[in-house]
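The next block holds one structure in the form of structure tokens; read it before the comments.
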Amino acid sequence: MTATPAWTIQKPTALLVLADGTVIEGKGIGATGKVQAEVCFNTALTGYQEILTDPSYLGQIVTFTFPHIGNIGANDEDIEDLTPAARHGAVGVIFKADITEPSNYRAARHLDTWLKARGIIGLCGIDTRALTAWIRENGMPNAVIAHDPAGVFDVGALKAEAKAWSGLEGLDLAKVATSGQSYRWDEKPWIWDEGYSTLGETDAAYHVVALDYGVKRNILRLFAGLNCRVTVVPAQTSAEEVLALRPDGIFLSNGPGDPAATGEYAVPVIKDLLKTDIPVFGICLGHQMLALALGARTEKMHQGHHGANHPVKDHTTGKVEIVSMNHGFAVDANSLPQGVEQTHISLFDGTNCGLRVDGRPVFSVQHHPEASPGPQDSHYLFRRFLNLIREKKGEPALAER
């Protein structure tokens, strides 16, 4: 009698269980265990390590639409969260194919080894195109991802856990992702074949205070690259404490969770900071909370925006940029009050991607201008912010590009 082919009898070692009871079987990778989270998809072709360490992904399982992940391996430079020991980033990951063997001169270890060290639970061997299409049609689902090398699962219990999870709406994750104390940042952007350098004490011409709701390292690096001394402060820092640091500019960072929930303590602080004439710049969650402080509303998106190929139009220049995005909530453009102008929009769906306050040195964007997925189309926004600081000091403006 002919033996049954091995592939037909292999047990799944990982499951993705959706809140509607759908069970997707695959091969486990990364850490073992289980976790409740929201499933999204990311269309980027590169930067998987930066994506998985972005604090904005806390509480999410990232499905990569690019089929082959892992050829860059993993290293200690391409990390975006500030506290890697706490693993503030994605909690789960889904790939189509097995992890590719590393083939890059910067690779320090295999991606699977790195996933295990980060505590990221993964699944591969499924049709990620089908899952992406499902999310586009039905929205980002609550789910449980589980990995057991022995393939032993209590499917009924996993279904119950997925169904019972309340999801990201109403969830304040900035208090989890934020730093626990204030500190100074002086690392400058990475340079090929040189790595990172440090801003010298005498080179720091401006002082930016960054409210950390889950800030990414490269944001802080770009400030340092413009000769800004950066003081990073925890999310729940008061306006009085911020102003006592005598900032030339105030930055509202990106971060995870529901902006309305974080806004319960952050919005009153931002309102007080807006009473001054200090320039203010916000990114992602910081953009959403600035909008809330100005009187606008935020809303949960159907499938969100996650990727490095999103076209956004800057109405202040008329130019279209290809940008990196990562958000599941958006500012309702129709709720922007008088005196607040919409500056950027997504050319995918027309959602709001930026605002500025008329006659005030205050603006923000929904996308991630610090990212470098190939193009660096939005780096000019950091110079735009610096020019607001320079204008207040009576200094000439720098070219934005």
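Values for this structure:
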read-out: Output for the range 347-373, where each listed residue is under 14 Å from I322 (Cα atoms) and over 17 Å from the mean Cα position of the chain (by Cα); value: L347, F348
read-out: Flag if G151 is of a type outside the set (S, T, Y), out of contact with any helix residue (DSSP H, G or I) (no Cβ under 7 Å at 6 or more places or on another chain), in the same structural domain as D20 (by TED's automatic domain parsing) and touching a residue at least 60 places away in the same chain (Cβ under 8 Å); value: yes
read-out: Matching strands (runs of 3 or more DSSP E) fully within the range 271-356 where at least 1 residues are of a type outside the set (A, V, I, L, M, F, W, C) and out of contact with any Phe, Trp or Tyr (no Cβ under 9 Å at 6 or more places or on another chain); value: 298-314, 319-331, 340-346
read-out: Total residues in the range 115-159, condition outside any helix (DSSP H, G or I), under 13 Å from V35 (Cβ atoms) and within 22 Å of the chain's Cα centre (by Cα); value: 9
read-out: Condition broken by M140, with the remaining ones in (1) over 29 Å from G394 (Cα atoms); (2) assigned by TED's automatic domain parsing to the domain that holds H305 satisfied; value: (2)
read-out: Flag if P279 is free of Cβ contacts under 8 Å to residues at least 60 places away in the same chain and outside the structural domain of T53 (by TED's automatic domain parsing); value: no
read-out: From the options Q376, Q366, residue that is farther than 21 Å from R229 by Cβ, out of contact with any Phe, Trp or Tyr (no Cβ under 7 Å at 6 or more places or on another chain) and surrounded by fewer than 20 Cβ atoms within 10 Å (Cβ to Cβ); value: Q376
read-out: Qualifying residue in the range 192-199 (condition: of a type in the set (F, W, Y), touching a strand residue (DSSP E or B) at 6+ places or on another chain (Cβ under 7 Å), in contact (Cβ under 8 Å) with a residue 12 or more places away in the chain and outside the structural domain of M301 (by TED's automatic domain parsing)); value: no
read-out: The range 55-100, subset surrounded by fewer than 16 Cβ atoms within 10 Å (Cβ to Cβ) and acidic (D, E), residue nearest to H147 (Cα to Cα); value: D98
read-out: Condition check for L16: more than 15 Å from the chain's Cα centre (by Cα) and part of a strand (DSSP E or B); value: yes
read-out: Single condition P279 does not satisfy, out of (1) surrounded by fewer than 19 Cβ atoms within 10 Å (Cβ to Cβ); (2) more than 22 Å from the chain's Cα centre (by Cα); (3) not aliphatic (A, V, I, L, M); value: (1)
read-out: Positions within the range 358-401 being out of contact with any helix residue (DSSP H, G or I) (no Cβ under 9 Å at 6 or more places or on another chain) and within 18 Å of D277 (Cα to Cα), in sequence order; value: D358, G359, R360, R384, N387, L388, I389, R390, E391, K392, K393, G394
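The values are calculated or read from the model by the stated rules, or taken from the named source; none is laboratory data. None of these values were measured; they are calculated from a predicted model. We place every Cβ from the backbone using ideal geometry, glycine too, and count neighbours over all the protein chains shown.
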